[in-house]
Amino acid sequence: MSDGNETMADTKSRSRYRSGSGSDSGSGSDELIFFVNGKKVVERNVDPEMTLLTYLRRKLGLTGTKLGCAEGGCGACTVMLSRYQTHTQQLHHYAVNACLAPLCSLHLVAVTTVEGIGSVVRKLHPVQERIAKAHGSQCGFCTPGFIMSMYALLRNNPTPQMCDVEEAFQGNLCRCTGYRPILEGYKTFTVEGGCCGGRGPENSCCVTDGTRAGDTSEEHADEATSLFNAADFAPFDPTQEVIFPPELMSLTKGQRSRSLCFHGDRVVWLQPDSLDELLTLKWKHPDARLVVGNTEVGIEVKFKNMVYPVILAPAFIPELNTVTHTEHGIVFGAACTLSHVGAVLRQAVETLPPHQTKVFLAVLEQLRWFAGQQIRNVAAVGGNIMTASPISDLNPVFMASGCKLTLMDKDGSRVVPMDDRFFPGYRRTALRPQEILISIEIPYSKKTQFVSAFKQSPRREDDISIVTAVMSVTFSPGTNAVEELRLSYGGMAATTLLAKKTADRLLGRCWGEELLQEACSSLAEEMTLDPSAPGGMVTYRRTLTLSLFYKFYLTVLQKLRQQGVNVDEVRPDCLSATEIYHPETPSSVQIYQAVPEGQSQDDVVGRPMMHLSALKQVTGEAVYCDDVPLYENELYLSLITSSKAHARIISIDTSAAEGMPGVVCCVFADDVPGSNATGPIEHDETVLAVHKVTCVGHIIGAVVADTQLHAQRAAKAVMIEYEELQPVVTIQEAIAAQSFYQPIRSIQRGDLEAGFKQAHHILEGEMHIGGQEHFYLETNVTLAVPRGEDGEMELFVSTQSPSKTQFLVSKALGVPANRVVVRVKRMGGGFGGKESRATVLSTVVAVAANKLKRPVRCMLDRDEDMLITGGRHPFYGKYKVGFLNSGKIVALDVTFYSNAGNSKDFSLSIMERALFHMENSYSVANIRGTGFMCRTNLPSNTAFRGFGGPQGMMIAESCITDVAQSLGRPAEEVRRLNLYVEGESTPYNQILDQLTLDCCWDECLSRSGYQQRRSAIDLFNRHNRWTKRGLAIVPTKFGISFTAAFLNQAAALVHIYTDGSVLLTHGGTEMGQGLHTKMVQVASRVLDIPCSKIHISETSTNTVPNTSPTAASASSDLNGAAVQKACEILVKRLEPYKATNPKGSWEDWVKAAYFDRVSLSSNGFYKTPDLGYNFDSNSGRAFNYFSYGVACSEVEVDCLTGAHKNLSTTIVMDVGHSLNPAIDIGQVEGAFMQGLGLFTLEELHYSPQGFLLTRGPGSYKIPAFGDIPTQLTVSLLRDAPNDKAIFSSKAVGEPPLFLASSVFYAIKDAVSAAREESGISGPFRLDSPASAERIRNACIDQFTRMCPAAERGTFRPWSVQV
């Protein structure tokens, strides 16, 4: 149908749409009226495809609301909407994702953004102040989203419980903090409250008196545990909130019901005001999509390139929003939001007899884990059904409980049962094109009916399911004979399924052991999956269908007994399989050494000072790269990338793209004026591909247009013809093809042969460690501004390497580096991902800006960023270990293979660091490590927090675990026996001095109560068959320095102005790690002035040149020493004026020096002494010093599903004398949670053709609030000064990450206990991450044996282990 036909079907209808609005813009569109932060906005030409987020950022300049993913999965764009509901005469406040909210849907709505509730100048709202002062904002990019989620909660419920706070945050992600400080700050709003205010036992504090965690170490007078003082917070007064705009109230009350129409270039948005009108429109436009929350259509338009010319918005039609209680159940209008459905069902559960509400409880159980609060607030129950997703959480409940649906078109209505005929195929329903779903009736349950709902997903909160199952059984009264049985599954076919064959077989049967056996064998037959099925995990999914039925079987058995029916008793050791998961609110303790008595109050070194940008970050005033206001003639760039992993480019057709609206030009390799060769170390990459592509996501060109939307649409219209070549995707394929980069590195010490001869036992093992996506909340972004003369260009970039960006841009432009200025204010996270890969975008944007002589901007979408920029190197390790009966390791031979991708990038340095950490913290006399970098057709992998170290140490720990299991000894005993001692030497011949490993180990054992925990776990495991607990204690030793010696240098520039204010510039960049804050603390101590007098504006290449990247955890050491030197020079210059005027002020001395013509500007330079390791001779110092730490973790594993709970973690970290305990503990916790993701959760899936399948928060899961250990203790080791770094401190960014492996090995410990139940013992392979799938498959039992895996090579898998 043509646009004209669809939207202008008859003039009557059209004139009706246009009447009723105050003015007509001539476009056939109505006026849209809404309010933003109390100000009225009247928009006369609304594009139905514009989101609220784009409007806020680009039209209103409100950049506090951030774009993190564009799919409603990260919460960075959260705002609060408020409506006056005329039917209830109440205000309704709710949090939404602005990235999905269509602007058209906001008629007569009040929008509140982070800027609207407080500002640094005006006044901070308590919600803003508390997250800042509790140290809950590091990079700050996610912070506005958290604030608005919390703010919306408090507007509805001024005294929430902690569980309400946790629920409000289910749709918010943070990559920096590890979440703990966010919860801690916001706990102060809850009824559980924050600090007891010294009302603990004997007037002690609840934080320190042990009532919050078992601390068995002896007390130290200078041990501090509070990072903030809740008494400093401004009180929260809910009566002082911003009022709902009175004008909007009267507009809403006074509006006559009327239709609205909004016309865009490609789409018409029709908002009818009655059901009749909606049915008429649907009859005219049978292909029109109905949109309520836009949570599905928004995704389809954005990521699947769908275009829906007509959108019908039925959200305000009364019949679609009503809730009716009937004699059979509750009828919900199809436009009721999931939040509303949940509220009504909760009310029903509280008021109705329990036997009637079992179906309601099943719906509520699924809603508990359904997306995030922001999605549930707008997504409609009807939309969820009509989406017909095969992995829907709710459709299996509706199907199993026999819900009835009312369908209607203009000729009448019909009622259909929601059964196996309702979904005839993938994403299809039984509705006719003109029909609309009007309502769903959720039935009451019967007395003898039992219903259970299950959802298994990679992460509990806000995750799509792997398998959902809802089971309903009804018995003949007073018996255990099955009268009716419905088993509904999602995730087992292209539609939601009913296991009818199995259910039919079991009718009339008695609920007992025989029925269980029959059900399992029948389900194993009926619930088959093609081994190549989309989503993969085929064996796991099939096993789940049986495991979940078994859980249901036990649950029903228990309930029948409670009703007095004579059935078998559930064995006590099986009871845990029937428990429904309820999260506990995490509790935490942070311990650090207070500053020495007598330290001046003005000396802030060693104190928990707040991040310097925190207040700006919490108000949305902190400026990130994409927040820089638009330039007058600015253009937007969108990349054209390869869809093939390995291919020759035959032709590129840009004709369609160039004819599209707003397009200015296309950019290809011919437009690069300088060199097209690029790369951080070796120039083995291209700025833009020529003739050949070597990975999916390889940048071929770009489209430049007037807006982001136009550029992105045009880029998708560029047609490229390829001749495909055979790709190498996995490490195993690379080994088979001998596809390696040179050189092959090796480190050897001692005599391996003699070591193996000496050994009582020799074991061989292997392990694969998956890659990891950086998932910084702010994706890569560059704004390039040509300066119009001498080839000058200024770039605003989100990068950790301003100097490398400057060099590679100048190389591409063919100008000297002195013409290019790179400026970095702050980054919304980096983690190594913006060290080298940021230049992939910057060079292209600079080339486009140079070609057009106009400013050009590009911020990658999340899916583009994940596709293009690479991540942590996947590693495959093989080891052969020789050891004595005692567990002492005497020989170790390790081989590493890393998946480097299509260019070398930093892969050699990463492999070298893996080799430097191959023994972790253990002394091995005879050792050899060899490293191969695999050349594959994946986007080049790159630096990531830990830089190869975690992969090297992980193989060592796998080896230690195997040794312990083969000897039947406790793993902690084998670890302790092999730990380094002071004065021993590493495989690369560096002697360990100031070793604190043993102190960390002993304190961790004591603080965690290790022995008591071990005994309790053994007892628990003996009494529970299907739930097992595990415990592990793991050390780390991390070398501090860049392994490339020349990078260990830094410079600083300090200006003192005549008013006494100080401008500090250094070579490091701020990405949330608090580097600028620490540098100000250093300058404050050396200059002996308050921090308030010192300012850092940005990092730029025209102030401090030739900087090393902010990486390797060494930035505080290097830049701190440079700042110290620069300040010392200035102090020396001011000394004479202090001497002559000892009672004068700082300002007096500065002015005196100025009038005496003394320079008040100084440079400081520092290089780390005595570094330089040589691989050929295995000599020289590789590292300046080592950071040490030990962590002990306890987990609980559900052996039937593979899900696990992190029960407790105790971390003891040696950070020397902390410069800032709040920042350092934040780094420890953030690194730990990132490591937790790496080792237990985050999984990148690639197709066999090298296409990344996980390209956003919907499919790639980073840790969320529910992943925090229920008890988390972090202790900074006391009395451990480090004489090799600034003010005796130590590096902290990367070292703690590996400590999360303690969770992995605790899981492995629990799995071992489960395997013992099946009579299997000894070492076994468990690859990382320990996902629910891997855990379940390793817990071998009768259910896994009924679902054998298909033989490798007999099918093409959906995804491959790269």
Running Debye on the stretch 56-177 with equal point scatterers at the Cα sites and no solvent, what base-10 log of I(q)/I(0) appears at q = 0.11, 0.12, 0.13 Å⁻¹?
-> -0.36, -0.43, -0.51
Whole-Å semi-axes of the stretch 1181-1276's equivalent ellipsoid (Cα gyration tensor) = 29, 20, 13
Starting from the eigenvalues of the Cα gyration tensor, five times each then square-rooted, give me the equivalent ellipsoid semi-axes of the stretch 878-994, largest first, whole Å.
-> 28, 16, 11
Provide Rg and Dmax in Å for the stretch 982-1062, with only Cα atoms included in the calculation.
-> 23.7, 74
Can you list residues whose amide H is under 5 Å from residue 124's amide H, if they're 5+ apart or on another chain and H is modeled 1.01 Å from N?
-> 119
Over all viewing directions the Cα convex hull of the stretch 536-599 casts an average projected area in nm² of 10.2 nm²
Kirkwood Rh, Cα Rg: Rg to Rh for the stretch 1259-1305?
-> 1.09
Could you pull the Rg and Dmax for the stretch 115-170, using just the Cα atoms, both in Å?
-> 11.3, 33
At 10 °C and 1.306 mPa s, the Stokes-Einstein diffusion coefficient in µm²/s for the stretch 809-936, with hydrodynamic radius from the Kirkwood sum on alpha carbon pairs, is 87 µm²/s
Among rounded, prolate and oblate, which fits the stretch 556-651 when a ≥ b ≥ c are the square roots of the eigenvalues of its C-alpha gyration tensor, a/c under 1.5 means rounded, and a/b larger than b/c means prolate?
-> oblate
Once Rh for the stretch 428-574 is found with the Kirkwood sum over Cα pairs, what is the Stokes-Einstein diffusion coefficient at 4 °C and 1.567 mPa s, in µm²/s?
-> 77 µm²/s
Using the Karplus curve 6.51 cos²θ - 1.76 cosθ + 1.60 with θ = phi - 60°, work out ³J(HN,Hα) for each residue of the stretch 925-930 in order, rounded to whole Hz, and write x for Gly and Pro.
-> 5, 10, 8, 9, x, 10
Whole Å is fine, so just give me how far the alpha carbon centre of the stretch 689-758 lies from that of the stretch 458-485.
-> 45 Å
For the stretch 1116-1231, what is the convex hull volume of its Cα atoms per residue in Å³?
-> 213 Å³
Mind checking the alpha-carbon convex hull of the stretch 1016-1085 and giving the volume per residue in Å³?
-> 214 Å³
Heavy-atom surface of the stretch 584-627, accessible at 1.4 Å and reported per residue (Å²) | 41 Å²
What is the antiparallel percent of DSSP beta bridges lying wholly in the chain, to the nearest 5?
-> 80 percent
Mean residue ellipticity (222 nm) of the chain, computed from DSSP H runs ≥ 4 via -39,500 (n - 2.57), nearest 500 = -8500 deg cm²/dmol
Could you tell me what percent of the accessible area of the chain is made up of carbon and sulfur, with a 1.4 Å probe and every protein chain present?
-> 51 percent
Amide hydrogen neighbours beyond the local backbone of residue 800, cut-off 5 Å, H modeled = 834, 835
Going by a ≥ b ≥ c, the root eigenvalues of the Cα gyration tensor, does the stretch 370-463 fall in the rounded group (a/c under 1.5), the prolate group (a/b larger than b/c) or the oblate group?
-> oblate
Karplus-derived 3J(HN,Hα), 6.51/-1.76/1.60, for each residue of the stretch 722-731, Hz, glycine and proline x | 10, 10, 6, 10, 5, x, 10, 10, 9, 4
Give the shape of the stretch 781-844 as rounded, prolate or oblate, defined through the alpha-carbon gyration tensor: a ≥ b ≥ c are the square roots of its eigenvalues, a/c under 1.5 means rounded, and otherwise the shape is prolate if a/b is larger than b/c and oblate if not.
-> prolate
From the Cα centre of the stretch 759-815 to that of the stretch 337-411, the distance in Å is 45 Å
For 714-726, 96-108, 694-706, ranked highest to lowest by mean beta-carbon neighbours within 10 Å, the order is 96-108, 694-706, 714-726
Please work out the Kirkwood hydrodynamic radius for the stretch 685-740, using every pair of different C-alpha atoms, and report it in angstroms with one decimal place.
-> 13.9 Å
Name the long-range amide H neighbours of residue 1107: under 5 Å, sequence gap of 5 or more, or other chain; modelled H, no Pro or chain starts.
-> 803
What is the Cα coordinate range of the chain on the first, second and third principal axes, sorted by size from largest, in whole angstrom?
-> 93, 78, 75
Euclidean distance of C-alpha centroids, the stretch 1197-1233 and the stretch 941-1004, integer Å = 18 Å
Taking the reciprocal of mean 1/r across every pair of different Cα atoms in the stretch 1060-1132, the Kirkwood radius in Å is 12.4 Å
Quick shape summary for the stretch 316-472, equivalent ellipsoid via Cα gyration tensor, semi-axes whole Å in descending order, reads 22, 19, 16
Percentage, to the nearest whole number, of Cα pairs in the stretch 139-183 over 12 Å apart = 60 percent
What is the percent of Cα-Cα separations in the stretch 105-145 that go past 17 Å?
-> 40 percent
Expected unfolding gain across residue 1179-residue 682 under the 0.36 nm per residue rule, minus the alpha-carbon gap, is 176.4 nm
Taking K and R as +1 and D and E as -1, what net charge do the other residues with C-beta under 13 Å from the C-beta of residue 1034 add up to?
-> 0
List, in order, the whole-Hz ³J(HN,Hα) value for each residue of the stretch 268-278 obtained from phi through the Karplus relation with A = 6.51, B = -1.76, C = 1.60 and θ = phi - 60°; use x for Gly and Pro.
-> 10, 10, 10, 10, x, 10, 9, 5, 4, 5, 4
Please calculate the 1.4 Å probe accessible area of residue 1014, with all protein chains present, and give it to the nearest 10 Å².
-> 50 Å²
Over the stretch 1255-1362, one equal point on each Cα, no solvent: what is log10 I(q)/I(0) by the Debye formula at q = 0.09, 0.12, 0.25 Å⁻¹?
-> -0.43, -0.70, -1.44
Order by protection proxy (mean Cβ within 10 Å, highest first), peptides 682-688, 761-767, 457-463 | 457-463, 682-688, 761-767
Full-stretch length increase - residue 742, residue 494 - with 0.36 nm per residue and alpha-carbon distance subtracted | 84.7 nm
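The values are calculated or read from the model by the stated rules, or taken from the named source; none is laboratory data. This structure is a prediction, so every number in the text was calculated from the model and none was measured. Positions of Cβ are generated from backbone atoms using ideal geometry, with glycine treated the same way; all protein chains shown enter the neighbour counts. Surface areas here come from the heavy atoms of the whole protein model, side chains and all, with no ligands, DNA or RNA. Shrake-Rupley method; radii C 1.70, N 1.55, O 1.52, S 1.80 Å.
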